[in-house]
1. List the number of the failed condition for PRO40; all other conditions in (1) closer than 20 Å to GLY136 by Cα; (2) surrounded by 16 or more Cβ atoms within 10 Å (Cβ to Cβ) hold.
2. When you look at ARG118, is it closer than 19 Å to GLN147 by Cβ, touching a Gly at 6+ places or on another chain (Cβ under 9 Å) and either loosely packed, with under 14 Cβ neighbours inside 10 Å or basic (Lys, Arg) (or both), yes or no?
3. If a residue counts only when it is among the hydrophobic types (A, V, I, L, M, F, W, C) and in contact with a Lys or Arg (Cβ under 8 Å, 6 or more places away or on another chain), which strands (runs of 3 or more DSSP E) contained entirely in segment 26-94 have at least 2 such residues?
4. Tell me, which residue of segment 1-25 that is assigned to a loop (DSSP other than H, G, I, E, B) and either touching a residue at least 24 places away in the same chain (Cβ under 8 Å) or farther than 26 Å from PHE100 by Cα (or both) is farthest from the chain's Cα centre (by Cα)?
5. State all residues of segment 90-103 that are surrounded by fewer than 20 Cβ atoms within 10 Å (Cβ to Cβ) and among the hydrophobic types (A, V, I, L, M, F, W, C); if no residue qualifies, say none.
Amino acid sequence: MILNPETDLELVRHLRAAPSKVWRCWTEPALLEQWFAPKPVVTRDAKIDLRPGGIFSTTMDIPEMGTQTGDGCILEVVPERRLVWTDLLGPGYRPVGDAFGFTACILLEPEGSGTLYRAIAMHRTPDQRKSHEDMGFHDGWGTAAAQLDDVAAAL
C-alpha cells in the first residue's frame, strides 16, 4: 500500500502473537472490546459483520466526554492479512453525513512467531489528518496496539 503523507497516518508495531490471533482480536466482538480503545475508555456493543458491506460498529464510554458510537462499513476482508473499514459509509455502503472521516487499513504479516502490524488511517484532507494526529493518533492507537498485543498473546 502506498501512503500519502499529506492525508495518511500510520502506526507500525511488532506484535508477539501470530497473525491468526491478532485477526481474531480484530474480528471477534468480545475480543475487540477488550483492547480497541486506550483504557480507561470502555469499548462495548461491538458489531462486526465480516464481509464487504458489513457493519463495523463500536460504542465507547469516554470519561468526561460521554458515549460515542461509531458505525462503519467493512470494505475488504482478506482473512488473517487485511481488514479495511471506513466510517464514511454505513452498512450496505450507505453514505453517512456525520462521520469523523477516515478509512482504516489493518495489515498483518507473519514475522517470526509474531506479526508485523500496520494500522493506517486515510483521511479526506490534510486538515483532517492533522486534526486526527493532534487528537493523539500515535499515542492512542499505539496504546491500543499494546493492549491488542496483550490480548492476542494470551489466546
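1. (2)
2. Answer is no for this residue.
3. Filter on segment 26-94 gives 55-62, 66-78.
4. Selected residue: GLU6.
5. Correct list: VAL96, ALA99, PHE100.
Only the coordinates and a few stated rules stand behind these numbers; no lab work does. In this text, all values refer to a predicted model and were calculated from it rather than measured experimentally. Please note: Cβ atoms are built from the backbone with ideal geometry, for glycine as well, and neighbour counts cover all protein chains shown.
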